[in-house]
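Participant: Dumping the structure here so I can ask a few things about it.
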Amino acid sequence: MEKIKSQSLKRSFMKAVAVTMLIVFFCSGLAIFGCYRFQKHILPDSNEVWLTQQTTAPDGTITEAKQRYYLGKPSPFGQLVADDQEHNEMQEQTNYIIERIESSYSMLSSKARTAYRASQICMVLLPFLFAVLGITLCAWRFYHKVLEPPITVLMDATTHIQNQDLNFQITFDGQDELSQLCTAFEKMRQTLYENNRQMWSMLEERRTLQASVAHDLRNPIAIMAGYVEYLQENSQGGTLTDEKLEKALSHLGITAERMGRYTDTMRDLGAIEETEVRRREVELPDFLQHMADSLSILFQNTGVRFSCDFYVPKGRAVFDGELLYRVLENLISNALRFAEHQIKLVFYMEHGTLSATVTDDGPGFSEKLLRKKTTLFYTKDTSGKHLGLGLAVSRVLCQKHGGTIELSNQSPHGACVKATITIKQ
């Protein structure tokens, strides 16, 4: 059956029909030959004849005696004697007449005739029955062995999808059209699963964004409310001096500016989430080397040394180079704020994933920040000037390219940020 599966459905069906026809013809031939041999067995031999002896007595009386005789080979036979007459030595004339038996069927008994008729019916009926039985068995076997397994797999997959369950896998070996349909169905399932996963991730990001914004806006709102209450109390008590008023208004302005930056950040993140991934084919590692040369411009007049290593095999790859450049630009810009002497960029590729790791020799991430790595905004700045937008943007861009951002610390000190994207080779 594996040999049939490796063919197309048309060839498999034609092969099954051809095999069935050969079997039907063989069985029908055997049946006809058997019936013919049976008829020959029960019919008298066509070489048998009637041998008639006519004897004319002296007084003119004629007597006859008959005997069945086989003409196949010569054999002696004695003188025939009539049943009611003794041998007469004085007979004057004896004549012999040979008559062929014209109708052998007429010589059969009633039971033999019935058997003969039954054999004639079988010669016509058995080939018809073999044809009907062969077609039925061929159709059943072709459906049961070739059509039913992939149809069952597809129906089961359809039931899973109708129940909104994409956590399954369609596996079916073969190269015919239905096997190709199963493979296409599996690709569709994977696409749906990936789309649902990305949609779920986006919803989680939205919830995280809302929670993060609500948490981060709570402090400036509380500060503004506190200064408003302070101004009201001092104004009613008559203790509000110009110095206190100027100080309170200054802090209110700073807080309002910080809230404005949050609003701009939210707008920028919304625009980034709408960014489309535009993949194109590039040569590795030449393209990454050119990207590293462009990023080295960020280190001018900084006093920080930049190095880059490549652990990428030569060949072609398909990904969005502009997106990766934006991610690395954000990561290196953030690292420059904390690095003391050196920043290192390392590219390596494995299992269809391109990774870029940015490490610095600064103080590294705090334990509190590492525990909150699912928060949208990564920042240690309490002044409100840096909201962690660079890491947030990089994280969104990597997720749009099927990757992620991972934070860690290296020993003995320094931060490490790993950005990954999926590529096609």
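No lab work stands behind these numbers, since they all come straight from the coordinates. Not measured: the values here are computed from a predicted model. Neighbour counts run over all protein chains shown; Cβ positions are idealised from the backbone, glycine included.
Participant: As a footprinting exposure proxy, order E350, E329, E340 by other Cβ within 10 Å, with the fewest listed first.
Facilitator: Arranged by neighbour count, lowest to highest, E350, E329, E340 become E350, E340, E329.
Participant: Subtract the Cα-Cα distance of H144 and K40 from 0.36 nm times their separation in residues, and report this length gain in nm to one decimal.
Facilitator: Contour length minus Cα-Cα distance gives 33.1 nm.
Participant: Determine the relative contact order of the stretch 233-365: mean sequence separation of Cα pairs under 8 Å and six or more apart, normalised by residue count, in whole percent.
Facilitator: 21 percent
Participant: Work through the residues other than T239 whose Cβ is under 15 Å from its Cβ and net out their charges, Lys, Arg +1 and Asp, Glu -1.
Facilitator: Details: positive: K244, K247; negative: E229, E233, D242, E243, E246.
Net of charged neighbours comes to -3.
Participant: Here's something else I'd like to know. Expected output is a single nm value to one decimal: the length gained when fully extending between E276 and A115, i.e. 0.36 nm times separation in residues minus the C-alpha distance. What is it? Don't skip to the end; give the middle numbers.
Facilitator: Values: separation 161, 0.36 × 161 = 57.96 nm, distance 8.63 nm.
Result: 49.3 nm gained on full extension.
Participant: How charged is the neighbourhood of V318? Take every other residue with its Cβ under 12 Å from the Cβ of V318, and add Lys/Arg as +1 and Asp/Glu as -1.
Facilitator: Result for the local shell: +2.
Participant: Tell me, what HN-Hα J-couplings in whole Hz come from the Karplus equation 6.51 cos²θ - 1.76 cosθ + 1.60 at θ = phi - 60° for each residue of the stretch 125-139, using x for Gly and Pro?
Facilitator: Coupling constants for the stretch 125-139: 6, 4, x, 5, 5, 4, 5, 5, 5, x, 5, 5, 5, 5, 5 Hz.
Participant: Continuing with this model, one more query. With 10 angstrom as the radius, rank R278, R113 by how many other C-beta atoms surround their C-beta, starting from the fewest.
Facilitator: Ordered by Cβ neighbours within 10 Å, fewest first: R278, R113.
Participant: What order do you get for V17, V146, V282 when you list them from fewest to most C-beta neighbours inside 10 Å?
Facilitator: Least crowded to most crowded, the residues run V17, V282, V146.
Participant: Trypsin sites (Lys or Arg not before Pro) within the stretch 282-322: which are DSSP loop residues with at most 14 other Cβ atoms inside 10 Å?
Facilitator: Those that pass, being in a loop and sparsely packed, are K314.
Participant: Separate question: Using each residue's phi in the stretch 179-187, evaluate 6.51 cos²θ - 1.76 cosθ + 1.60 at θ = phi - 60° and report the 3J(HN,Hα) Karplus result to the nearest Hz, with x for Gly and Pro.
Facilitator: Once rounded to whole Hz, the list reads 5, 5, 5, 4, 5, 5, 5, 5, 5.
Participant: Something else about it: Taking R0 as 35 Å, what's the FRET efficiency between Q342 and R316 from their Cβ-Cβ distance, rounded to 0.05?
Facilitator: Values: r = 32 Å, r/R0 = 0.92.
The pair Q342/R316 has a calculated efficiency of 0.60.
Participant: Positive end of the charge dipole of the stretch 282-376 (Lys, Arg +1 and Asp, Glu -1 on Cβ, about the Cα centre): tell me which of F365, S307, A339 has its Cα farthest that way.
Facilitator: F365
Participant: Using only C-alpha positions, report the orientation-averaged shadow area of the convex hull of the stretch 280-422, nm², one decimal.
Facilitator: Details: hull surface 34.2 nm².
It is 8.5 nm².
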